[in-house]
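First comes the structure, then the notes that go with it.
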Amino acid sequence: MSISRMTSDAQINRQKNLMPILICLALAVLTIAAFWQLKDCGFIAYDDEQYVTKNAYVQSGLNGNNVIRAFSSELAVHSGHWHPLTWLSLMLDHSLFGLTPSGYHLINLLFHVLNTILLFLVLMRMTKMLWPSAFVAALFAIHPLHVESVAWIVERKDVLSTFFMMLTLGAYSYYVEHRRFKRYAFVLLFFVLGLLSKPMLVTLPFVLLLLDFWPLGRFSEVKPAPKAQTGVIQPGPEKQKKKSKNKGSGKEILEVRKPLKVQKPVEQEFRWPLIYPLLLEKIPLFVLAILSSTVTYLAAHSSGTVPSIEALTPAVRIGNAFVSYVIYIGKMILPINLAVFYPHPGKVIPWQVLGAAIFLIVMTFIVIWKAKKLPYLTAGWFWYLITLAPVIGIIQAGTQAMADRYTYISLIGLFVMVAWGVPDLLKKWNHRKEILLALSVLSIVCLSIITWTQSGYWQNSITLFDHTLKVTDNNWLISNNRGMAYISLGDYGQAIKDFDAAIGIKPDYAEAYYNKGLAYKALGNLRQAIDNYSQAVKINPKLAEAFNNRGSAYGASGKYSQAIEDFNAALEIKPSYAEAYMNRGNAYNGLGDYQKAITDYGRAIGIRPDYAASYFNRAVAYSRIGNAKLAIQDLQTAAKLGDERAKSFLKSKGINW
C-alpha cells in the first residue's frame, strides 16, 4: 500500500472520529441558544413555592438531616411524589444559589443539554448510524413540548430522571456487548437513581426489551443463506481429447458452467428460546419498578392527588387517555397553543374517543405487520405508547387532562420513527440527500423559533398565566394561580377578580375562597376575609391553612378564644404546622397567658429552628413575665436570623448580636 493511500485512510478515520464530537458541540450550542432566555426567568406561582420558595427543608440546604428527610415519607406526603434525589438536587441548588432563580434554571438547562448529548451517543452506539441519531437528538433538544420540563424548576425531576435513564441505556448497550455481572450492576445502579429522581421510569424495563428487538437485534438470530457459488469447475466433454493432445504440456482446459443465482444474504427469524432469557434478564428491573410504583401510589394517595372514582370514572379516564395519546402526536407535529395546565373536562366526547381508539389500533396493527421489514417503526411506536402509559391518566394523579412535560421521554419514540422512516420513504427520490438536508434544517429552525417563543412565556408568573388563559378555556386553576401572583405584587383588587373567576368556573374550589380571604385580609377587610375562610373550610374541612388564617383574622379582631379554637383545628389536621403554633402563642399572648404563649413559641421553633418571628414573639412574652435575660437571648437569635424588629431594638439598647 502506498504512503499516500495510508495517509488518506488516516485522514478519513480522523474525520470519522471527529464528527461525533462536532455533533455533540453543535447539539449543545443549539440547545443553549433555544433556551437561553431561561437565565432571566423567575420562580412561578405554581408549585415552585411548594418545592423551593416556601419549603423550609429545601431552604435549609443540603445537610445530613435533610438527606435522611428526603428519603422519608415526610416530603413524599408534602408533594405527593417520592423522589428523594430530586429533593437533594434542589437542596444543593439552594446551598449554591439561595433563592436566585437563574441558578435553578441553568441547572435544569445543563441537565437537558447532557440528556441531548447522551441520547445521541446512545443511539449512535446502538444503531451505528450517525445522522439519524443526531436528528433524533436535535428534535429532543429543541422541541417546544419540552420547554415545560426545562423551564419549570419543579420539573427538575424530569431532566434529572432522564439523565439517569440515558446512563442506564448507555450501560445496557455496554452490557449487551459483553454480558458480565459488573456491567449489569451499572444498569441496576443507574435505574435505581432514575427511579429515585422520578418514578415515571418504571417503564424502562419494557424500553430495554424494545431495544433488544431494535436496534440490538436480540430477538432474532441471523440465519445465513447458502454460500453463493460463482461457478462449478468440472471437466468438459472434450477434456480427455484436449488433455491427450496436450499431454506433457501441463495444461488442461476446463469448462466453467454458468454461475448459480446468488440468494439473499441474511434472513431474520424470531425465536422464543432467544426472547425468554431476555425476559429473565429484566426480572430485577421489573421488581424495582413494582416497588417504585407502589411507593409512588401510596405517596400520591396520602397527599390527596389521586381523584376518587366518583370524581373521574374509569370510562372517562380511559377515554381521555385515548384522546390524549392522539393530541400529543398532533402537538408534536404542530406545537401550538401549549399551556402549563390543561384542565380536565371531567367528561369525554364519544366520537373523539372512538376516532382516537381507531387511529391507535390501526397504527399498532401497521407497525406490528411491518415489524420484520421496518423494525424501527415498531420500536419507536411502542416506546411512545409504553413510556407515556404511567401518566396518560388511567391512574389519575392531579386534575390535568394532559401535560407537555409527560412527553419529555415519550416523544423519543416518535422521533425515531421520523428519523429512520422519512429517509426510507424517500429512498427512490432523486436528490434524496439534498431534500433530507433541507427538511431537517427547516424543521430544526422552525422548532427552535417556537421553543424560543415558548420559553419567553416563562419569564414570570403573569406572562405564563396570561398565555395559558389565552390558549385554554375554563382554566380555574390558572385563574387562581394568577390571583396568587397578583397578591405577591400587591395588586389585591385584580387578585380578587381572578379568584372570583376561578370560583365561577368551579364553585366548590376551596383554595380559591381561601386565597380570596388572604387578599381581603391584606386589604384590611377582616370580615370578608373570615367569610371566605369559612367558606373554604366548609368545602374542605381538612384545609389547615384556612383554619390557621381564620384564626389569625379572629385574633386581629380581638376574638382570641375563637382564634385558639381555629389554631387547635389546624394543628389537629397538621401537627407539624409551625405557623399555627406561633399564631396560637400570639392568641395566648393576647389573653395574657404568657406561659402558654412561650410554650407554643417553643414548639414552633422546635419545628422550624430558623423561625425568626417566633424567637421575637417569645422574647416579648419573656419580657412580660420579667425574664429579661431570656428575652435578650431570643432577640439576639431573631436578629441573627434577620428579624429587623429585633435588630432595631438591640441597636437602641447598644446590644450586639
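Pairs under 6 Å by beta carbon, first residue farther than 14 Å from I539 by Cα in the range 513-528, partner among the hydroxyl-bearing types (S, T, Y) and modelled with pLDDT under 95, six or more apart or different chains?
That search, which allows pairs on different chains as well, returns L526/S557.
Picking from Y46, Y57, Y51, which residue would you name as being open to solvent by 40 Å² or more (accessible area, probe 1.4 Å) and hydroxyl-bearing (S, T, Y)? Walk me through how you get there before you give the answer.
Numbers: Y46 fails: open to solvent by 40 Å² or more (accessible area, probe 1.4 Å); Y51 fails: open to solvent by 40 Å² or more (accessible area, probe 1.4 Å).
Just a single option satisfies the conditions, and that option is Y57.
Is there a residue in the range 453-461 that is assigned to a loop (DSSP other than H, G, I, E, B), open to solvent by 20 Å² or more (accessible area, probe 1.4 Å) and in contact (Cβ under 8 Å) with a residue 60 or more places away in the chain? Write out each step before concluding.
Residues of the range 453-461 assigned to a loop (DSSP other than H, G, I, E, B): 460.
Next, from what is left, pick out any that are open to solvent by 20 Å² or more (accessible area, probe 1.4 Å): 460.
Restricting the remaining residues to those that are in contact (Cβ under 8 Å) with a residue 60 or more places away in the chain gives 460.
Yes: the range 453-461 contains one or more residues that are assigned to a loop (DSSP other than H, G, I, E, B), open to solvent by 20 Å² or more (accessible area, probe 1.4 Å) and in contact (Cβ under 8 Å) with a residue 60 or more places away in the chain.
Listed residues A631, A597, A613; which is of a type in the set (A, V, I, L, M, F, W, C), free of Cβ contacts under 8 Å to residues at least 40 places away in the same chain and farther than 26 Å from N549 by Cβ?
After ruling out the rest, the residue left standing is A631.
If a residue must be buried (at least 16 other Cβ atoms within 10 Å of the Cβ) and not in a helix (DSSP H, G or I), how many such residues does the range 69-85 contain?
4
Residues of the range 390-399 being out of contact with any Ser or Thr (no Cβ under 7 Å at 6 or more places or on another chain) and open to solvent by 20 Å² or more (accessible area, probe 1.4 Å), which ones? So that I can check it myself, show each step before the final result.
First, the residues of the range 390-399 that are out of contact with any Ser or Thr (no Cβ under 7 Å at 6 or more places or on another chain): 391, 394-396, 399.
Of everything in the range 390-399, those that are out of contact with any Ser or Thr (no Cβ under 7 Å at 6 or more places or on another chain) and open to solvent by 20 Å² or more (accessible area, probe 1.4 Å) turn out to be V391, I394, I395, T399.
Does the range 93-106 contain any residue that is modelled with pLDDT under 90 and not charged (D, E, K, R)?
In the first step, residues of the range 93-106 are kept if they are modelled with pLDDT under 90; the result is none.
No: zero hits.
So P265 ticks every box in (1) at pLDDT below 95; (2) over 30 Å from K373 (Cα atoms) but one. Which box is left unticked?
Only one criterion is unmet by P265, namely (2).
Can you run down the residue pairs with Cβ atoms below 7 Å, 6 or more apart or on separate chains, where the first is in the range 487-503 and under 14 Å from Y520 (Cβ atoms) and the partner is surrounded by 20 or more Cβ atoms within 10 Å (Cβ to Cβ) and of a type in the set (K, R)?
What qualifies is I496/K516; D498/R482; F499/K516.
Please list, ordered by first then second residue, the pairs with beta carbon atoms under 6 Å, 6 or more apart or interchain, first in the range 402-416 and open to solvent by 10 Å² or more (accessible area, probe 1.4 Å), second assigned to a helix (DSSP H, G or I) and acidic (D, E).
Every condition considered, the pairs that remain are R405/E148; R405/E155; R405/D158.
Any chance you could count how many residues in the range 129-159 are within 9 Å of the chain's Cα centre (by Cα) and open to solvent by 10 Å² or more (accessible area, probe 1.4 Å)?
The number of residues fulfilling the criteria is 1.
Applying the selection to the range 411-447, what residues are of a type in the set (V, I, T) and closer than 21 Å to F140 by Cα? Show your work before the answer.
Step one: filter the range 411-447 for residues of a type in the set (V, I, T), giving 412, 416, 418, 422, 435, 441, 444-445.
Of everything in the range 411-447, those that are of a type in the set (V, I, T) and closer than 21 Å to F140 by Cα turn out to be I412, V416, V418, V422, V441, I444, V445.
Could you tell me whether any residue of the range 363-384 is of a type in the set (V, I, T), touching a residue at least 60 places away in the same chain (Cβ under 8 Å) and either surrounded by 14 or more Cβ atoms within 10 Å (Cβ to Cβ) or farther than 30 Å from I505 by Cβ (or both)? Walk me through how you get there before you give the answer.
Step one: of the range 363-384, the residues of a type in the set (V, I, T) are 364, 366-368, 378.
Now restrict to residues that are touching a residue at least 60 places away in the same chain (Cβ under 8 Å): 378.
This time we only want the ones that are either surrounded by 14 or more Cβ atoms within 10 Å (Cβ to Cβ) or farther than 30 Å from I505 by Cβ (or both), so: 378.
Within the range 363-384 (the criterion being of a type in the set (V, I, T), touching a residue at least 60 places away in the same chain (Cβ under 8 Å) and either surrounded by 14 or more Cβ atoms within 10 Å (Cβ to Cβ) or farther than 30 Å from I505 by Cβ (or both)), the answer is yes, since at least one residue qualifies.
Can K433 be described as open to solvent by 50 Å² or more (accessible area, probe 1.4 Å), at pLDDT below 95, assigned to a helix (DSSP H, G or I) and out of contact with any strand residue (DSSP E or B) (no Cβ under 8 Å at 6 or more places or on another chain)? Reasoning before the result, please.
Details: open to solvent by 50 Å² or more (accessible area, probe 1.4 Å): yes; at pLDDT below 95: yes; assigned to a helix (DSSP H, G or I): yes; out of contact with any strand residue (DSSP E or B) (no Cβ under 8 Å at 6 or more places or on another chain): yes.
Considered against the rule, which asks whether it is open to solvent by 50 Å² or more (accessible area, probe 1.4 Å), at pLDDT below 95, assigned to a helix (DSSP H, G or I) and out of contact with any strand residue (DSSP E or B) (no Cβ under 8 Å at 6 or more places or on another chain), K433 comes out as yes.
Going by what's in this entry, would H105 be described as touching a residue at least 24 places away in the same chain (Cβ under 8 Å), crowded, with 24+ Cβ neighbours inside 10 Å, part of a helix (DSSP H, G or I) and out of contact with any Gly (no Cβ under 6 Å at 6 or more places or on another chain)? Working first, answer last.
Working: touching a residue at least 24 places away in the same chain (Cβ under 8 Å): yes; crowded, with 24+ Cβ neighbours inside 10 Å: yes; part of a helix (DSSP H, G or I): yes; out of contact with any Gly (no Cβ under 6 Å at 6 or more places or on another chain): yes.
So H105 passes the test.
Pull up the range 610-641, narrow it to residues that are assigned to a loop (DSSP other than H, G, I, E, B) and modelled with pLDDT of 90 or more, then point me to the one that is surrounded by the most Cβ atoms within 10 Å (Cβ to Cβ). Steps first, please.
Pass one, the range 610-641, residues assigned to a loop (DSSP other than H, G, I, E, B): 610-611, 625-627, 641.
If we keep only those that are modelled with pLDDT of 90 or more as well, we get 611, 625-627, 641.
On the way: Y611: 24, I625: 13, G626: 8, N627: 16, L641: 17.
For the range 610-641, the residue satisfying everything is Y611.
Write out, first by first residue and then by second, each pair whose Cβ atoms fall under 7 Å of each other, whose residues are 6+ apart or on separate chains, and whose first residue, in the range 643-656, is of a type in the set (F, W, Y) while the second is assigned to a helix (DSSP H, G or I).
F649/L635
Which pairs have Cβ atoms under 7 Å, sit 6 or more apart or on different chains, and link a residue in the range 322-345 that is closer than 19 Å to Q459 by Cα and touching a residue at least 24 places away in the same chain (Cβ under 8 Å) to one that is among the acidic types (D, E) and buried (at least 19 other Cβ atoms within 10 Å of the Cβ)?
These pairs meet every condition: L338/D404; V340/E148.
Return the pairs, sorted by first residue and then second, in which the second residue is acidic (D, E) and open to solvent by 50 Å² or more (accessible area, probe 1.4 Å), the first residue lies in the range 42-57 and is touching a residue at least 60 places away in the same chain (Cβ under 8 Å), the beta carbons are less than 9 Å apart, and the residues are 6+ apart or on different chains.
Note: pairs meeting the criteria are F43/E49; A56/D610.
Return the residues of the range 186-215 that are of a type in the set (S, T, Y) and either more than 17 Å from E155 (Cβ to Cβ) or open to solvent by 10 Å² or more (accessible area, probe 1.4 Å) (or both); say none if nothing qualifies.
Kept after step one, since they are of a type in the set (S, T, Y), are these residues of the range 186-215: 197, 203.
Answer for the range 186-215, where residues must be of a type in the set (S, T, Y) and either more than 17 Å from E155 (Cβ to Cβ) or open to solvent by 10 Å² or more (accessible area, probe 1.4 Å) (or both): just T203.
I want to confirm something. Restricting to the range 470-479 and keeping residues that are at negative phi and more than 23 Å from the chain's Cα centre (by Cα), which single residue is surrounded by the fewest Cβ atoms within 10 Å (Cβ to Cβ)?
Going through the qualifying residues, I end up with D473.
Give the range 311-331 a look and list any residue that's of a type outside the set (V, I, T) and buried (at least 18 other Cβ atoms within 10 Å of the Cβ), or say none. Full working, then the answer.
Taking the range 311-331 as the starting set, the residues that turn out to be of a type outside the set (V, I, T) are 311-312, 314-315, 317, 319-322, 324-325, 328, 330-331.
Matches in the range 311-331: L312, R317, G319, N320, A321, F322, S324, Y325, Y328, K331.
Contact list please: Cβ distance under 7 Å, first residue in the range 433-444 and more than 18 Å from I333 (Cβ to Cβ), second residue open to solvent by 90 Å² or more (accessible area, probe 1.4 Å), pairs at least six apart or on different chains.
Listed pairs, sorted by first residue: I435/W429.
The values are calculated or read from the model by the stated rules, or taken from the named source; none is laboratory data. The structure displayed is predicted, hence computed values, not measured ones. Backbone-built Cβ (ideal geometry, glycine too); neighbour counts: all protein chains shown. Heads up: the accessible areas ignore ligands, DNA and RNA and are worked out on the full protein's heavy atoms, side chains in. Shrake-Rupley method; radii C 1.70, N 1.55, O 1.52, S 1.80 Å.
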